[in-house]
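K.L.:
I am attaching a structure below and will ask some questions about it afterwards.
The values are calculated or read from the model by the stated rules, or taken from the named source; none is laboratory data. Because the structure is predicted, anything quoted here is derived from the model rather than measured. As a convention, Cβ positions derive from the backbone with ideal geometry for all residues, glycine included, and neighbour counts pool all protein chains shown.
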């Protein structure tokens with residue numbers, strides 16, 4: 001099924017998006033006071049585990065009246081037929097759109113869309129400037145920042161906002177996400193944060209440029225921008241490409257921007273809150289532990305690292321601001337969905353530009369961003385002339401040798417018949433088509449980014465990664481599993497798959513279908529049947545929703 005974007009339906013602010021979600025029954029408002037100490041996190045995780053409506057917290061302990069928080073908006077939904085409605089609405093797609101449908105439509109927009117220059121507005125026309133705190137007025141402790149999980153090292157205010165940082169020469173402004181917490185004493189918690197500025201990520205790369213000039217790096221932390229902007233917490237652009245461009249293409253319109261109070265950085269005027277400051281070139285503070293994206297809290301291993309100190313110089317915000325949050329959990333949580341979708345989409349587009357015979361692909365939600373399933377054309381050998389080993393090596397270098405490598409440590413290459421979004425199909429292909437010796441290709445010379453228990457099979461790799469020295473962070477954690485035939489087999493008849501569609505002549509299938517209806521049996525896409533499997537052979541979406 002081909003879907004089309006309806007740009008007029010894209011919410012033009014985060015609160016407009018939340019209002020629409022409440023009306024659709026996909027978000028719910030909590031007016032009771034909720035404790036930032038574990039309770040907010042528990043509610044978010046429970047909602048995600050069962051596909052319940054996502055929470056909006058209207059009253060948070062120790063925060064002034066009107067200071068609110070909400071789940072960022074990428075959790076799955078248990079509403080039959082629209083499991084990914086929370087993301088679809090953000091992008092202007094139909095509520096019932098499937099993940100792979102959205103990817104194809106999104107990539108077409110990114111390929112053919114036009115960048116519209118920003119419209120810079122004055123403070124009086126920018127909702128995010130309705131309230132301005134500077135100097136002694138700055139107080140991070142008033143914000144609804146959760147202590148997200150048992151064993152956490154502090155109140156992680158930044159889990160679903162977006163950094164804006166500009167290179168010293170002003171030629172590149174990067175929008176990206178990375179976690180940060182309110183600094184614990186003896187640091188001044190009112191105006192100090194500490195967060196991840198890793199040197200292989202774009203925000204860390206720019207921080208490094210400022211360090212080379214022996215200067216602190218100015219930044220803006222954007223909370224609750226309109227969905228077309230906030231999607232860039234998950235996108236993967238080339239170095240020196242402004243993420244603004246992708247947002248403008250999606251909207252096919254300029255985005256209203258306003259200058260920060262204490263730097264020249266431009267930020268979205270519609271944002272709920274902007275926190276301004278500088279990242280230290282020399283000082284660090286303890287950060288963590290915090291729930292990691294693989295779905296674990298590594299308390300026993302003392303995941304506390306020295307991360308750059310962030311000094312806050314200003315806070316500007318809308319009246320009754322809403323801070324978006326994303327609490328890590330077992331998959332799929334909001335981070336898994338947003339980063340996996342946009343990183344997959346951008347990486348597939350990049351691979352196509354580089355001439356790889358790929359169709360689509362997905363960093364699977366169930367794998368907590370560790371498996372990247374890439375679907376390739378059956379005639380890949382005829383198209384490229386590559387042997388299998390050459391194909392896999394080129395693919396690994398193209399992904400892990402660039403910024404697109406992200407978090408995934410394992411790539412599964414599958415044929416045209418396997419829908420990357422269908423765990424049943426992917427599991428079957430991996431189990432039955434991959435040779436454990438001749439179909440595994442390793443990349444020990446490239447950087448490893450694994451964060452799960454797998455990392456402890458080679459603690460030296462993990463410690464090197466977290467040393468903030470990307471040249472040290474290499475190991476044996478990266479592998480491609482080929483689930484396609486070697487080149488000598490391409491073009492030959494493939495084994496018959498034992499499915500209803502492929503095993504029987506039309507006359508038999510027609511008779512069975514007619515009797516099926518007469519017997520009152522459920523159809524494959526009937527959302528009311530239990531279990532609600534949606535087999536890849538019988539649905540255009542090829543999706544199972546949550547855990548079956």
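K.L.:
Give, as residue ranges, the helices (runs of 4 or more DSSP H) completely inside region 1-109 that count at least 1 residues that are within 19 Å of the chain's Cα centre (by Cα), surrounded by fewer than 20 Cβ atoms within 10 Å (Cβ to Cβ) and modelled with pLDDT under 95. So that I can check it myself, show each step before the final result.
P.N.:
Numbers: elements: 14-23, 39-50, 85-91.
Because the criterion is at least 1 residues that are within 19 Å of the chain's Cα centre (by Cα), surrounded by fewer than 20 Cβ atoms within 10 Å (Cβ to Cβ) and modelled with pLDDT under 95, the helices (runs of 4 or more DSSP H) in region 1-109 that meet it are 39-50.
K.L.:
Residue under question is residue 178, and the condition is that it be free of Cβ contacts under 8 Å to residues at least 40 places away in the same chain, surrounded by 14 or more Cβ atoms within 10 Å (Cβ to Cβ) and in contact with a strand residue (DSSP E or B) (Cβ under 8 Å, 6 or more places away or on another chain); does it hold? Steps first, answer last, please.
P.N.:
On the way: free of Cβ contacts under 8 Å to residues at least 40 places away in the same chain: yes; surrounded by 14 or more Cβ atoms within 10 Å (Cβ to Cβ): yes; in contact with a strand residue (DSSP E or B) (Cβ under 8 Å, 6 or more places away or on another chain): yes.
So residue 178 passes the test.
K.L.:
Next up: Can you pull out the residues in region 159-173 that are surrounded by fewer than 24 Cβ atoms within 10 Å (Cβ to Cβ) and either within 27 Å of the chain's Cα centre (by Cα) or more than 19 Å from residue 242 (Cα to Cα) (or both)?
P.N.:
So in region 159-173, the residues surrounded by fewer than 24 Cβ atoms within 10 Å (Cβ to Cβ) come out as 166-173.
Correct list: 166, 167, 170, 171, 172, 173.
K.L.:
Okay, next question. Right, residue 168: under 27 Å from residue 200 (Cβ atoms), without any contact (Cβ under 8 Å) to a residue 60 or more places away in the chain and part of a loop (DSSP other than H, G, I, E, B) or not?
P.N.:
On the way: under 27 Å from residue 200 (Cβ atoms): yes; without any contact (Cβ under 8 Å) to a residue 60 or more places away in the chain: yes; part of a loop (DSSP other than H, G, I, E, B): yes.
Against the criterion (under 27 Å from residue 200 (Cβ atoms), without any contact (Cβ under 8 Å) to a residue 60 or more places away in the chain and part of a loop (DSSP other than H, G, I, E, B)), residue 168 qualifies.
K.L.:
If you go through region 325-347 one residue at a time, do you hit one that is touching a strand residue (DSSP E or B) at 6+ places or on another chain (Cβ under 7 Å) and assigned to a strand (DSSP E or B)?
P.N.:
Within region 325-347 (the criterion being touching a strand residue (DSSP E or B) at 6+ places or on another chain (Cβ under 7 Å) and assigned to a strand (DSSP E or B)), the answer is yes, since at least one residue qualifies.
K.L.:
Continuing with this model, one more query. Say whether the condition of being modelled with pLDDT of 95 or more, surrounded by fewer than 24 Cβ atoms within 10 Å (Cβ to Cβ) and not in a strand (DSSP E or B) is met by at least one residue in region 192-203.
P.N.:
No, there is no match, as no residue in region 192-203 is modelled with pLDDT of 95 or more, surrounded by fewer than 24 Cβ atoms within 10 Å (Cβ to Cβ) and not in a strand (DSSP E or B).
K.L.:
Looking only at residues in region 388-403 that are buried (at least 17 other Cβ atoms within 10 Å of the Cβ) and farther than 19 Å from residue 438 by Cα, which one is farthest from the chain's Cα centre (by Cα)?
P.N.:
Here the residue is 398.
K.L.:
Now, a different point. Given the options 239, 264, name the one that is under 21 Å from the mean Cα position of the chain (by Cα) and surrounded by fewer than 24 Cβ atoms within 10 Å (Cβ to Cβ). It would help to see each step written out before you state the result.
P.N.:
Details: 264 fails: under 21 Å from the mean Cα position of the chain (by Cα).
Every option except 239 fails the conditions.
K.L.:
Can you name every residue in region 144-158 that is outside any loop (DSSP other than H, G, I, E, B) and within 19 Å of the chain's Cα centre (by Cα)?
P.N.:
Matches in region 144-158: 158 only.
K.L.:
On the basis of being in contact with a helix residue (DSSP H, G or I) (Cβ under 7 Å, 6 or more places away or on another chain) and either assigned to a strand (DSSP E or B) or in the same structural domain as residue 231 (by TED's automatic domain parsing) (or both), does residue 253 make the cut?
P.N.:
Values: in contact with a helix residue (DSSP H, G or I) (Cβ under 7 Å, 6 or more places away or on another chain): no; either assigned to a strand (DSSP E or B) or in the same structural domain as residue 231 (by TED's automatic domain parsing) (or both): yes.
Judged against the criteria, residue 253 is not a match.
K.L.:
Do we find a residue being crowded, with 17+ Cβ neighbours inside 10 Å, under 28 Å from the mean Cα position of the chain (by Cα), over 30 Å from residue 239 (Cβ atoms) and modelled with pLDDT of 95 or more anywhere in region 116-124?
P.N.:
For region 116-124, residues crowded, with 17+ Cβ neighbours inside 10 Å, under 28 Å from the mean Cα position of the chain (by Cα), over 30 Å from residue 239 (Cβ atoms) and modelled with pLDDT of 95 or more: absent.
K.L.:
Output the residues belonging to region 404-424 that are more than 24 Å from residue 295 (Cβ to Cβ) and surrounded by fewer than 19 Cβ atoms within 10 Å (Cβ to Cβ).
P.N.:
The answer is 415, 416, 417.
K.L.:
Considering each of 246, 271 in turn, give the residue that is touching a helix residue (DSSP H, G or I) at 6+ places or on another chain (Cβ under 9 Å), buried (at least 19 other Cβ atoms within 10 Å of the Cβ) and in a loop (DSSP other than H, G, I, E, B).
P.N.:
Details: 246 fails: in a loop (DSSP other than H, G, I, E, B).
Testing whether each residue is touching a helix residue (DSSP H, G or I) at 6+ places or on another chain (Cβ under 9 Å), buried (at least 19 other Cβ atoms within 10 Å of the Cβ) and in a loop (DSSP other than H, G, I, E, B) leaves just 271.
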